[in-house]
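What follows is one structure encoded as structure tokens, with my remarks underneath.
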Amino acid sequence: LGGNALDEKAAGKIYAAKGRPSDNPLIVHIAEFDKLAPIVAEIPEKAKILAEKYWPGPLTMILPKADIVPRETTGGLDSVAVRFPSDRIAQELILAAGGYVAAPSANTSGRPSPTTAGHVAEDLGDAIDMIIDGGLVGIGVESTIIDVTEDTPTILRPGHITKNMIAKVIGTVQMDAGLSGLDQSVKPKAPGMKYRHYAPKASMTVIQGKKEAVIRRIEELAAEYPKEKVGILAADETLSCYTHGQVVSAGSRNEHTIEQGLYRALREFDHMGVSVIFSESFADDDRSEAIMNRLLKAAGQKIEYLSDK
Ligand code: AMP
Ligand code: MG
């Protein structure tokens, strides 16, 4: 959902359309590496290395901002979040718009992020002037956010580009302590990560353990509700293992499409009107960092661990 990142009035319109709190900063999108220097106070060496390796791509870097970036865009902060997306349509739009597009995900604040144009229409159809339909999203979960303003860079939001992939090119990197959500007194450093987010309307619990045990436990829990009121979030490989409830697949564990399908699956439960959801865990996926972060946020951190016995 884009607007001119250098125009303070545009930011206000974006916040209004999304119903987003205005202390939650926007990401500034560029489509040429040379557009970075004018909007930041400096480009640390590690940021250059990361940009060379992962831009264009789903990596957002937090840098000290230059004066031309209005505080309305950065939620009042002295830093700015910058990303260079790889999508061709996004790139052309950014260039046509003058090079700097402030753009959050095009959903109503608090709802699962959109992964199709249909999801955008569902949430924002009446609030915005136009939707460009570029087809199904490539990755699905939001970009990795990394703060490179300090010596040891910190991941503020896990994403498709994992901690290991980052550590490989710049060495030591840490996860923001506020990310786990377990200790409520430690606030996440990315203002947006503190909100209940990515959430379906129904209450959700994640079940983690050995595959067969998880299926058995979910069957047992689901049996306590009328079939039409209970949702089960599974994968392509386990979809047919359940006998009771509205079963939705997030994607295939074997083909690593869970990241792409998670939000679509959560929205499907909203359409079905289920009141409770039990979800398989996806902690074993090689992209589990981002998937489990979003899944547990959607579940309000409710998870049941099954013992091996
Ligand atoms: P979205 O636009 O929905 O992908 O969300 C943008 C995310 O980036 C939110 O979680 C923001 O809090 C985070 N963010 C944007 N700018 C900054 C910044 N300067 N410092 C820390 N986090 C930021
Ligand atoms: Mg968002």
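Every number here is computed from the coordinates shown, using simple stated rules; none is lab data. What you see is a predicted model; the values in this text were computed from it and never measured. Every residue, glycine among them, receives a Cβ derived from its backbone with ideal geometry; neighbour counts consider all protein chains shown.
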Over segment 1-138, what portion of Cα pair distances is larger than 28 Å, expressed as a whole percent? 13 percent
Looking at the chain as a GNM with Cα springs under 10 Å, which of 231, 140, 110 has the largest mean-square fluctuation? 110
For n ≥ 4 DSSP H runs only, could you compute -39500 (n - 2.57) per run for the chain, divide by its residues and tell me the 222 nm figure to the nearest 500? -8000 deg cm²/dmol
Ranked by Cβ crowding within 10 angstrom, fewest neighbours first, how are 15, 305 ordered? 305, 15
Least to most buried among 144, 116 (fewest other Cβ within 10 Å first): 116, 144
Which value in Å is the Kirkwood Rh of segment 207-302 over different Cα pairs? 13.2 Å
Net lengthening on full extension, residue 33/residue 307 (0.36 nm per residue, minus Cα-Cα): 93.7 nm
List the GluC sites (Glu not before Pro) in segment 110-161 that DSSP assigns to loop (not H, G, I, E or B) and whose Cβ has at most 15 other Cβ atoms within 10 Å. Which are they? 150
If you average 1/r over every pair of different alpha-carbon atoms in the chain and take one over that average, what Kirkwood value in Å do you get? 20.2 Å
Taking neighbour Cβ counts within 10 Å as the exposure measure, how do 79, 22, 143 sort from fewest upward? 22, 79, 143
Students often forget the sequence filter, so: which aspartates and glutamates lie under 17 Å Cα-Cα from residue 9 once same-chain residues fewer than 8 apart are removed? 23, 67, 72, 129
Rounded Å value of the spacing that divides the Cα centres of segment 101-163 and segment 226-304: 19 Å
Test of understanding: what is the full-extension gain from residue 270 to residue 126, defined as 0.36 nm times their sequence separation minus their Cα-Cα distance? 49.9 nm
